[in-house]
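> Questions regarding the structure given below will be posed in turn.
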Amino acid sequence: MTGGGDLIRPEVRRALYRWREVLAGLGLLAVGFWLAGLGGPFWIAAGALIGLAGLAVSVGGLRRLRFARGVGAPGVVQVVEGQVAYFGPEDGGFVALDDVTALGLARGASGPEWVLEQPGQPPLCVPVSADGAEALYDVFAALPGIDMQALTAALDAPPEAGKRMLWRRAHPAALT
């Protein structure tokens, strides 16, 4: 018997971690079905509410899972209080979500890159597969009027030459 070994293989642990949100939602859904199966109006209502919450968590997890591309590009993405920061080996920068006027997808040296445009500054180019880039799903979902299905479809499509515009702010925020 070897000492100090983990019971779960590293590749299984990574897969479980990647699918954690979907699995948690499915667990809630199962608890909801179990409660509803107890019978009675209270348990059926409680089971339905918990089941719906589990379904919502699972669907959100599946969408984030499709958005995540794994780590393969250099650099690290951080999202803190509505501000996106990219720290790359040669470039990087910051952009506040309220200042973003356009979002595009371009082909970069290390694969596809998100291009976040802001007035008076050069665009921030963030590789899709940079470490932490999966956090951009929630950032992009907060942009007014964005079509997240079109955004995910653009990721799945073969890369195009040039920049593909995915979203543009209807009226840029006024400076006060």
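> Of all residues in segment 127-144 being assigned to a helix (DSSP H, G or I) and not β-branched (Val, Ile, Thr), which is nearest to PHE87 (Cα to Cα)?
By that ranking, first place goes to ALA133.
> Give GLY47, GLY61 a once-over and let me know the one that is in contact with a Phe, Trp or Tyr (Cβ under 8 Å, 6 or more places away or on another chain) and closer than 23 Å to THR152 by Cα.
That would be GLY61, the only listed residue that is in contact with a Phe, Trp or Tyr (Cβ under 8 Å, 6 or more places away or on another chain) and closer than 23 Å to THR152 by Cα.
> I would also like to ask the following. Show me the helices (runs of 4 or more DSSP H) entirely contained within segment 1-102 in which 3 or more residues are surrounded by 13 or more Cβ atoms within 10 Å (Cβ to Cβ).
20-37, 41-67
> Test ARG14 against the stated conditions and say whether it is over 28 Å from ARG168 (Cα atoms) and out of contact with any Ser or Thr (no Cβ under 6 Å at 6 or more places or on another chain).
Taking the combined requirement at face value, the residue satisfies it.
> A further question follows. Test LEU52 against the criterion of being modelled with pLDDT of 95 or more and not polar (S, T, N, Q), and give yes or no.
Against the criterion (modelled with pLDDT of 95 or more and not polar (S, T, N, Q)), LEU52 qualifies.
Matching residues to (1) without any contact (Cβ under 8 Å) to a residue 60 or more places away in the chain; (2) out of contact with any helix residue (DSSP H, G or I) (no Cβ under 7 Å at 6 or more places or on another chain); (3) outside the structural domain of GLY27 (by TED's automatic domain parsing):
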residue: SER58; (1), (2), (3): yes, no, no
residue: LEU62; (1), (2), (3): yes, no, no
residue: GLY93; (1), (2), (3): yes, yes, yes
residue: ASP98; (1), (2), (3): no, yes, yes
residue: GLY111; (1), (2), (3): yes, yes, yes
residue: TRP114; (1), (2), (3): yes, no, yes
residue: GLY120; (1), (2), (3): yes, yes, yes
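> Quick check on ALA135: is it surrounded by 19 or more Cβ atoms within 10 Å (Cβ to Cβ) and at pLDDT below 90? Let's see the steps before the verdict.
Numbers: surrounded by 19 or more Cβ atoms within 10 Å (Cβ to Cβ): no; at pLDDT below 90: yes.
So ALA135 does not fit the description; no.
> Within segment 145-158, how many residues turn out to be out of contact with any strand residue (DSSP E or B) (no Cβ under 9 Å at 6 or more places or on another chain) and either under 19 Å from VAL84 (Cα atoms) or hydroxyl-bearing (Ser, Thr, Tyr) (or both)?
2
The values are calculated or read from the model by the stated rules, or taken from the named source; none is laboratory data. This one's a predicted model, so the numbers in the text were calculated from it and none came from an experiment. Methodologically, a virtual Cβ is constructed for each residue, glycine included, from the backbone with ideal geometry; neighbour enumeration extends over all protein chains shown.
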